[in-house]
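These notes concern the structure reproduced below.
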Amino acid sequence: MDPLSKVLRTGADGALYFWCLGCDMPHCVMHGAGGGPRWTWNGDADKPTLSPSVLVQWDHLSPAARERNAAFYQEHGRYMTHIELPYDVHHVCHTFVRDGRIEYLGDCTHDLVNQTIDLPEFPEGW
Ligand SMILES: [Zn+2]
């Protein structure tokens with residue numbers, strides 16, 4: 001990731017990264033020529049507009065499920081660790097990046113749902 005500004009970075013093959021406070025991680029879209037889905041970018045590194053919206057989602061374990069799984073493996077022993085216990089949380093982050101701001105849409109499952117904030121700077125160490 002190479003900095004284009006405090007809020008936008010670039011990578012190989014037209015990758016653009018911005019920091020998401022809702023997920024506490026960078027999100028990436030691809031722009032310009034190349035394979036796969038491509039976003040448009042207004043070319044402004046300080047106040048980027050990306051289109052269309054950015055949808056990021058994954059499944060993960062809640063803290064309670066982690067404890068349940070640890071207890072399960074402790075009870076049933078190491079030979080059972082090949083059994084994948086199901087993820088119980090579906091994380092959704094759906095945003096528009098417009099004019100240097102992130103608009104968090106109503107289907108976000110994190111705390112910034114329905115809020116609009118200035119694009120955050122990348123944290124120290126990133
Ligand atoms: Zn996010």
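The values are calculated or read from the model by the stated rules, or taken from the named source; none is laboratory data. Everything numeric here is computed off the predicted structure, so don't read it as measured data. Please note: Cβ atoms are built from the backbone with ideal geometry, for glycine as well, and neighbour counts cover all protein chains shown. Note: areas computed on protein heavy atoms with side chains; ligands, DNA, RNA excluded. Shrake-Rupley method; radii C 1.70, N 1.55, O 1.52, S 1.80 Å.
If you go through segment 71-108 one residue at a time, how many are surrounded by 11 or more Cβ atoms within 10 Å (Cβ to Cβ) and modelled with pLDDT under 95? Summing the residues that are surrounded by 11 or more Cβ atoms within 10 Å (Cβ to Cβ) and modelled with pLDDT under 95 in segment 71-108 gives 9.
In the condition set (1) within 14 Å of the ligand (Cβ to nearest atom); (2) in a strand (DSSP E or B); (3) polar (S, T, N, Q), residue 51 is compliant with all but (1).
Within segment 1-22, being farther than 15 Å from residue 126 by Cα and either within 16 Å of the chain's Cα centre (by Cα) or within 12 Å of the ligand (Cβ to nearest atom) (or both) holds for 15, 22. Within segment 33-46, the residues that satisfy the criterion of being more than 26 Å from residue 124 (Cα to Cα) and either in contact with a helix residue (DSSP H, G or I) (Cβ under 7 Å, 6 or more places away or on another chain) or among the hydrophobic types (A, V, I, L, M, F, W, C) (or both) are 33, 34, 39. Being within 13 Å of the ligand (Cβ to nearest atom) and surrounded by fewer than 17 Cβ atoms within 10 Å (Cβ to Cβ): is that true of residue 111 here? It is true that residue 111 is within 13 Å of the ligand (Cβ to nearest atom) and surrounded by fewer than 17 Cβ atoms within 10 Å (Cβ to Cβ). Criterion applied to 25, 30 was being within 17 Å of the chain's Cα centre (by Cα), open to solvent by less than 70 Å² (accessible area, probe 1.4 Å) and under 18 Å from residue 123 (Cβ atoms), and the one residue passing it is 25. As a summary of the residue check, residue 60 satisfies the conditions (1) open to solvent by less than 50 Å² (accessible area, probe 1.4 Å); (2) in contact with a His (Cβ under 8 Å, 6 or more places away or on another chain); (3) within 22 Å of residue 126 (Cβ to Cβ) except for the one numbered (1).
Residue check: residue 57 meets all listed conditions (1) within 18 Å of the chain's Cα centre (by Cα); (2) under 19 Å from residue 9 (Cβ atoms) but one, namely (2). Listed by first and then second residue, the pairs with beta-carbon distance under 7 Å, at least 6 apart or on different chains, first residue in segment 85-110 and in contact (Cβ under 8 Å) with a residue 60 or more places away in the chain, second among the aromatic types (Phe, Trp, Tyr) and within 14 Å of the ligand (Cβ to nearest atom), are 91/58; 95/104; 97/18.
Screening 45, 71, 33 for residues that are away from the ligand (no atom under 16 Å from the Cβ), assigned to a helix (DSSP H, G or I) and free of Cβ contacts under 8 Å to residues at least 60 places away in the same chain leaves exactly one candidate, 71.
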